[in-house]
1. Which members of the range 31-50 meet the condition of being acidic (D, E) and assigned to a helix (DSSP H, G or I)?
2. Do the conditions hold for F50, that is, is it surrounded by 10 or more Cβ atoms within 10 Å (Cβ to Cβ), more than 22 Å from N12 (Cβ to Cβ) and aromatic (F, W, Y)?
3. Residues in the range 55-63: is at least one β-branched (V, I, T) and part of a loop (DSSP other than H, G, I, E, B)?
4. So which of T2, T28 ends up being among the polar types (S, T, N, Q) and either part of a helix (DSSP H, G or I) or touching a Phe, Trp or Tyr at 6+ places or on another chain (Cβ under 9 Å) (or both)?
5. Which of the residues spanning the range 28-40 are surrounded by fewer than 10 Cβ atoms within 10 Å (Cβ to Cβ) and more than 12 Å from the chain's Cα centre (by Cα)?
6. Six or more apart or on different chains, Cβ under 9 Å: which pairs go from a residue in the range 29-45 that's under 30 Å from R14 (Cα atoms) to one that's of a type in the set (K, R) and at pLDDT 90 or above? Could you list them?
Amino acid sequence: MTARIHPIAEINQRAKDALIREVGVIDTIRFLNQFRAGSGDYTADRDSLFRDMTAREIIAEIRSRRTEVEFLLQAGP
């Protein structure tokens with residue numbers, strides 16, 4: 001048995017068609033946007049942003065922000 005190798009453009013189109021059929025246009029776009037290449041230099045940005053912080057300080061900041069968001073969500077509009 002031989003497998004036919006399909007052109008990547010055909011595979012991409014068939015995959016997009018299947019996604020649109022199954023989850024709709026908007027959710028297909030949202031899904032595909034996850035795989036777009038970003039811009040900038042994440043490593044340099046991260047080093048700059050967290051230069052003077054320890055791992056414990058970063059974790060404390062994350063926990064603090066989560067608590068603030070949870071409070072705001074519970075408070076409602």
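1. Scanning the range 31-50 gives D45, D47.
2. Details: surrounded by 10 or more Cβ atoms within 10 Å (Cβ to Cβ): yes; more than 22 Å from N12 (Cβ to Cβ): yes; aromatic (F, W, Y): yes.
So F50 fits the description; yes.
3. no
4. T28
5. Kept after step one, since they are surrounded by fewer than 10 Cβ atoms within 10 Å (Cβ to Cβ), are these residues of the range 28-40: 33-40.
Passing the criteria: S39, G40.
6. L32/K16
The values are calculated or read from the model by the stated rules, or taken from the named source; none is laboratory data. Quick caveat, the model's predicted, so the values are computed rather than measured. We place every Cβ from the backbone using ideal geometry, glycine too, and count neighbours over all the protein chains shown.
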